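Just so it is clear, none of the values below were taken in a lab; they were calculated from the coordinates. What you see is a predicted model, and the numbers here were worked out from it, not measured in a lab. Because the Cβ atoms are built from the backbone with ideal geometry, glycine has one as well, and the counts that use them run over all protein chains shown.
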Amino acid sequence: MEDPLILICGIAFVAVLSILSLLAGSISFICKIFPVRAADLPDPAAEEAVRQALAKTFPDCRISEIREIK
């Protein structure tokens with residue numbers, strides 16, 4: 001009775017690994033086609049300066065996200 005269950009679990013495991021491998025390959029392919037430029041990445045020093053200024057101005061607030069509006 002346990003043999004079919006083990007077989008089903010094995011097939012499901014292989015299926016999930018196959019799907020995840022295909023997704024990883026497609027993400028890798030997309031990243032090679034559209035590379036990220038260093039200018040597009042957020043500046044950590046600027047983010048920290050904004051966090052410190054907000055923490056000083058509003059001491060009880062919690063900062064969840066900082067977005068740049070272009």
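How big is the chain in terms of Cα radius of gyration and Dmax, in angstroms?
My reading of the Cα-based Rg and Dmax gives 22.9, 66 Å.
Residues of the range 52-70 with the amide nitrogen closer than 18 Å to a label point 7 Å from the Cα of ALA39, along Cα-to-Cβ, please.
68-70
Just from its helices, what would the mean residue ellipticity at 222 nm be for the chain, if runs of 4 or more DSSP H residues each count -39500 (n - 2.57) and the sum is divided by every residue, rounded to the nearest 500 deg cm²/dmol?
-23000 deg cm²/dmol
How would SER64, SER18 line up from fewest to most surrounding beta-carbon atoms within 10 angstrom?
SER64, SER18
If each of LYS32 and VAL16 carries a label point 7 Å out from its Cα toward its Cβ, how far apart are those two points in nm?
2.8 nm
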